[in-house]
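**Q** Just passing along the structure, written as structure tokens.
The values are calculated or read from the model by the stated rules, or taken from the named source; none is laboratory data. Predicted, not measured: the structure shown is a model, and the values here were computed from it. Neighbour counts are summed over all protein chains in view; Cβ atoms, including those assigned to glycine, are modelled from backbone coordinates with ideal geometry. Accessible surface areas use protein heavy atoms only, side chains included; no ligands, DNA or RNA. Shrake-Rupley method; radii C 1.70, N 1.55, O 1.52, S 1.80 Å.
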Amino acid sequence: MDPWLIWLIVAAVLAVAEIFTLTAALGLLGGAALVTAGSAAIGLPLPLQFLVFTLTAAGGVLFVRPLVLRRMLRPQAERFGVDALVGKSAYVVAEVTGAGGRVRIGGEEWTARAYDEALMIPAGATVDVVEISGATALVYPQG
């Protein structure tokens, strides 16, 4: 069997292993094996093939992998849907207690409950949205 084909098989096996592990390392090793398959196809002797694999793999793991991991582990920058409402200010439309009430959040009217059930928040007050539970905003007075 030709050496380039062996390197190609190694690259495929490492790529499949990366899909199952998501370590960002096996895929880079697979890429190094793919580069080495190219060098084997042009006729490089076996010792130089190992050197190409070693240098390419080391470069990928030392320089590319940290960049990939940083990108993968970055927290989500934007919040969407009801998660985007948490932390916003709201205007109390109808008195809010632990049992119920109404607030306006960004132009939309929501049912609301006081986050602290002992509180009574009068109409006209400004509150912070602490949590969204279903279609109800749990709010706490500002200040």
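**Q** Looking at the stretch 96-138, which of its residues are β-branched (Val, Ile, Thr) and under 28 Å from the mean Cα position of the chain (by Cα)?
**A** 105, 129, 130, 132, 136
**Q** Let me ask another. If only one of 57, 37, 112 is among the aliphatic types (A, V, I, L, M), assigned to a strand (DSSP E or B), open to solvent by less than 80 Å² (accessible area, probe 1.4 Å) and in contact (Cβ under 8 Å) with a residue 12 or more places away in the chain, which one is it?
**A** Answer to the selection: 112.
**Q** Further question: For the stretch 60-87, name all the residues that are assigned to a loop (DSSP other than H, G, I, E, B) and either surrounded by 13 or more Cβ atoms within 10 Å (Cβ to Cβ) or touching a Leu at 6+ places or on another chain (Cβ under 8 Å) (or both).
**A** Residue satisfying the conditions is 86 alone.
**Q** Give the residues of the stretch 40-54 that are aliphatic (A, V, I, L, M), within 15 Å of residue 2 (Cα to Cα) and loosely packed, with under 15 Cβ neighbours inside 10 Å, sorted by residue number.
**A** Step one: list which residues in the stretch 40-54 are aliphatic (A, V, I, L, M), which gives 40-42, 44, 46, 48, 51-52.
Among the residues that remain, those that are also within 15 Å of residue 2 (Cα to Cα) are: 40-42, 44, 46.
The answer is 41, 42, 46.
**Q** For the stretch 115-143, which positions are more than 18 Å from residue 79 (Cβ to Cβ) and either without any contact (Cβ under 8 Å) to a residue 24 or more places away in the chain or in a strand (DSSP E or B) (or both)?
**A** Once the filter is applied, which keeps residues that are more than 18 Å from residue 79 (Cβ to Cβ) and either without any contact (Cβ under 8 Å) to a residue 24 or more places away in the chain or in a strand (DSSP E or B) (or both), the stretch 115-143 yields 117, 118, 119, 121, 126, 127, 136, 140, 141, 143.
**Q** Hey, could you check the stretch 117-143 for residues that are acidic (Asp, Glu) and within 15 Å of residue 88 (Cβ to Cβ) and say which is surrounded by the fewest Cβ atoms within 10 Å (Cβ to Cβ)?
**A** 131
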